[in-house]
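A.B. asks: My structure is below; once you've seen it, I'll send some questions.
Where a number appears in this text, it was derived from the coordinates with a stated rule and is not lab data. Everything numeric in this text was worked out from a predicted model, so none of it was measured. Cβ coordinates were reconstructed from backbone atoms using ideal geometry, including for glycine residues, and neighbour counts include every protein chain displayed.
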Amino acid sequence: MATKVLDSHALLTFFQDEAGAEEVEKLLARAEAGTHRLLLCVVNWGEVYYSTMRKISRGAAEEKAREIASLPIELVPVGADLELVRQAAAYKASGKLAYADAFAAALAKLSNAELVTGDADFKAIEDEIRIRWLR
């Protein structure tokens, strides 16, 4: 079973029905069918939440949280997973990624998964992890 990591850009693309939303929708359907496993780091969940709250409202952010919970996406906690935090910190220290993005990249790397994104900032590390670019 193929494992994919969604970053906040991928989810926001889906929710806002932007270019690339259809591709995320197909991945969600495959996850629902059991042919793909979709992961989302809780840090990236938080990025979707705060972005929605800032742009719209707290109520809209709560609605997005409920929508995410209804999707076939596994939330990955950070908790005491120091390996995940260490890898994210290394990406952040390199100056290549924002901190939340670093967690998506670290999760993809440590899970040997493909990162699904349309965020051009990840081009800086596309030689380190597999990336599925939304178009």
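A.B. asks: Picking from LEU75, LEU97, LEU115, which residue would you name as being buried (at least 17 other Cβ atoms within 10 Å of the Cβ) and in a strand (DSSP E or B)?
C.D. replies: Just a single option satisfies the conditions, and that option is LEU115.
A.B. asks: Hey, could you check region 5-44 for residues that are in contact (Cβ under 8 Å) with a residue 12 or more places away in the chain and on the phi > 0 side of the Ramachandran plot and say which is farthest from the chain's Cα centre (by Cα)?
C.D. replies: This residue is GLY34.
A.B. asks: How about region 1-26: which of its residues are among the charged types (D, E, K, R) and either buried (at least 22 other Cβ atoms within 10 Å of the Cβ) or not in a loop (DSSP other than H, G, I, E, B) (or both)? Please lay out each step first, then the result.
C.D. replies: First pass over region 1-26, keeping only residues among the charged types (D, E, K, R): 4, 7, 17-18, 22-23, 25-26.
Answer for region 1-26, where residues must be among the charged types (D, E, K, R) and either buried (at least 22 other Cβ atoms within 10 Å of the Cβ) or not in a loop (DSSP other than H, G, I, E, B) (or both): LYS4, ASP7, GLU22, GLU23, GLU25, LYS26.
A.B. asks: Here's a follow-up. With the checklist (1) under 26 Å from GLY34 (Cα atoms); (2) β-branched (Val, Ile, Thr); (3) more than 18 Å from the chain's Cα centre (by Cα) in hand, flag the one item ILE56 doesn't pass.
C.D. replies: Single failed check for ILE56: (1).
A.B. asks: Turning to a different aspect of this structure: In region 51-65, which residues are exposed (fewer than 15 other Cβ atoms within 10 Å of the Cβ) and charged (D, E, K, R)?
C.D. replies: Matches in region 51-65: ARG54, LYS55, ARG58, GLU62, GLU63.
A.B. asks: Could you go through region 60-74 and let me know if any residue there is touching a strand residue (DSSP E or B) at 6+ places or on another chain (Cβ under 6 Å) and free of Cβ contacts under 8 Å to residues at least 40 places away in the same chain.
C.D. replies: Yes, because at least one residue in region 60-74 is touching a strand residue (DSSP E or B) at 6+ places or on another chain (Cβ under 6 Å) and free of Cβ contacts under 8 Å to residues at least 40 places away in the same chain.
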